[in-house]
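Reviewing the structure listed below.
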Amino acid sequence: MGVMAKTSTTTQGLRAAIERSGYYPALVAEAVEAAVGGEPIRSYLVHQETTFDQNEVRRHVTVLVLTDNRFIVSHTDEQTADTSSPTPYATTSTESVKLGRISSIVVSRVVANPESYKPGTLPREIVLTIGWGAVARLDLEPAACGDPNCEADHGYTGSSTADDLSLRVSEAGDGPETVRQALTFAQALSEATADTSR
């Protein structure tokens, strides 16, 4: 299968993880391979999510790949037949981000029994949020002053939050190995972006 089939053990591990997900592996692997090109893979994460939409089950797979220069995100979704297609279909998209563009990496950990936590214990779940400025959420609310009788229009106040990618991985839903892989990926990405900011 081209470049991905001929390179390192990390690449073979990524290919095996895509195969294990069982979610259109040939389609997903081809999209990821095209985005990675010939670059060596430093770290990766494959995450499958199943959601229920009324009477339908929808699957979504996200593949994150870290190379020496880029962070690559691939999303694949399945769709039911609709007016644009008489048969079910899948859509795959990839985005390639230069490491220097990544502005934030947030790892939120949920740990059971924190009073008896021992270093190295896996969290029950993690949420990995990565921002690079492609998508921002803006939360606005009317501004007010301290005078309760004031009826003047003070405009709006708010906050902007980078929210390009947010991925939740849990031990119960995804298994401990996926949680471990998500933590490993987050650490590798954090270290790689620290290198580019020097």
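Give the residues of the range 163-173 that are in a helix (DSSP H, G or I) and crowded, with 18+ Cβ neighbours inside 10 Å, sorted by residue number. Steps first, answer last, please.
Initially, the range 163-173 is screened for residues in a helix (DSSP H, G or I), giving 171-173.
Result: GLU171, single match.
Here are some conditions: (1) surrounded by 14 or more Cβ atoms within 10 Å (Cβ to Cβ); (2) of a type outside the set (Lys, Arg); (3) in contact with a strand residue (DSSP E or B) (Cβ under 8 Å, 6 or more places away or on another chain). ALA29 meets all but one. Which one does it not meet?
ALA29 satisfies every listed condition except (3).
What pairs can you find where one residue is in the range 170-192 and under 18 Å from VAL111 (Cβ atoms), the other is β-branched (Val, Ile, Thr), and their Cβ atoms are less than 6 Å apart, with a gap of 6+ or different chains?
Correct list of pairs: GLU171/VAL179; THR178/VAL169; VAL179/VAL169; ALA182/ILE126; ALA182/VAL169; ALA186/VAL107.
Which residues, taken from the range 112-133, are part of a loop (DSSP other than H, G, I, E, B), more than 22 Å from GLY175 (Cα to Cα) and open to solvent by 60 Å² or more (accessible area, probe 1.4 Å)?
Looking only at the range 112-133, we keep the residues that are part of a loop (DSSP other than H, G, I, E, B), and these are 112-113, 117-124, 132-133.
Adding the requirement that they be more than 22 Å from GLY175 (Cα to Cα) leaves 132-133.
Within the range 112-133, GLY133 is the sole residue that qualifies.
Please name all residue pairs, on different chains or six or more residues apart, with Cβ atoms under 9 Å, provided the first residue is in the range 3-21 and is modelled with pLDDT under 90 and the second residue is surrounded by fewer than 12 Cβ atoms within 10 Å (Cβ to Cβ) and in a helix (DSSP H, G or I).
Within 9 Å, the pairs are THR11/ALA5; GLN12/ALA5.
Within the range 50-64, restricting attention to residues that are within 26 Å of ARG15 (Cβ to Cβ) and in contact (Cβ under 8 Å) with a residue 24 or more places away in the chain, which residue is surrounded by the most Cβ atoms within 10 Å (Cβ to Cβ)?
VAL63
Just need a number here: residues in the range 78-111 that are loosely packed, with under 12 Cβ neighbours inside 10 Å and among the hydrophobic types (A, V, I, L, M, F, W, C).
Within the range 78-111, residues that are loosely packed, with under 12 Cβ neighbours inside 10 Å and among the hydrophobic types (A, V, I, L, M, F, W, C) number 1.
The values are calculated or read from the model by the stated rules, or taken from the named source; none is laboratory data. Since the structure is predicted, the reported quantities are computational estimates derived from the model, not experimental observations. Note: ideal-geometry Cβ built from the backbone for every residue, glycine included; neighbour counts use all protein chains shown. For the accessible areas, the whole protein counts, side chains as well, though only heavy atoms, and no ligand, DNA or RNA atoms are used. Shrake-Rupley method; radii C 1.70, N 1.55, O 1.52, S 1.80 Å.
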